[in-house]
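Input: a single structure, listed below in structure tokens.
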Amino acid sequence: MEDRERLNKIVNELNMYQNQADIINQQMETVKATIADLAIAEETLETIKEKKDTETLVPIGAGSFIITEIKNTDEVIVGLGAGAAVKKKIGDAEESIKEQKKDLEAVLGKMMEEIKKITDIIVTRTPEAEALIQKLEEAGESVS
């Protein structure tokens, strides 16, 4: 294969891998945000567990809150996704949240492994592209 064709092929591969890495990084940020939300829910449930008539702040948007009392700390409504929710005992809700968090942390770990594989490929292929660029430039060919 001609050097220019090999260079184009490598550059296209590197661009593809970089795009994949960017997409995975964006997905990782979403997963991290969800894990953080679950951690907050976990802390909140632990704080209100077995407390009656506890005052709390409820967000109403735009950084504003109302002060309200929690009348029932035995049950909570847990989102299942796709707009569905179910009433659960607080202990069951805590277990559910812990399980979701554990699953997402496993997904995050797999994403990090995938990023490492992609990074390794990019690090391995980049010197080859640089060598081809230098070879083409030494032969007097334009590389841009």
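The values are calculated or read from the model by the stated rules, or taken from the named source; none is laboratory data. Predicted model only: the values in this text are computed from it and were never measured. Note that each Cβ is placed from the backbone with ideal geometry, even for glycine, and that neighbours are counted across all protein chains shown.
In the stretch 50-69, the qualifying residues are those that are out of contact with any strand residue (DSSP E or B) (no Cβ under 9 Å at 6 or more places or on another chain) and assigned to a strand (DSSP E or B), and the one that is modelled with the lowest pLDDT is 61.
Against the numbered list (1) of a type in the set (S, T, N, Q); (2) more than 30 Å from residue 132 (Cα to Cα); (3) touching a residue at least 12 places away in the same chain (Cβ under 8 Å), residue 30 comes up short only at (3).
For the stretch 118-134, taking the residues that are among the charged types (D, E, K, R) and surrounded by fewer than 13 Cβ atoms within 10 Å (Cβ to Cβ), the one that is nearest to the chain's Cα centre (by Cα) is identified as 120. A single entry from 137, 114 fulfils the requirement of being part of a helix (DSSP H, G or I), modelled with pLDDT under 95 and either surrounded by 10 or more Cβ atoms within 10 Å (Cβ to Cβ) or within 17 Å of the chain's Cα centre (by Cα) (or both): 137. On the given criteria, is residue 32 under 30 Å from residue 111 (Cβ atoms) and out of contact with any Cys (no Cβ under 7 Å at 6 or more places or on another chain)? For residue 32, the condition - under 30 Å from residue 111 (Cβ atoms) and out of contact with any Cys (no Cβ under 7 Å at 6 or more places or on another chain) - is met.
Which one is surrounded by the most Cβ atoms within 10 Å (Cβ to Cβ), of the residues in the stretch 65-111 that are of a type in the set (D, E, K, R) and under 21 Å from the mean Cα position of the chain (by Cα)?
Going through the qualifying residues, I end up with 101.
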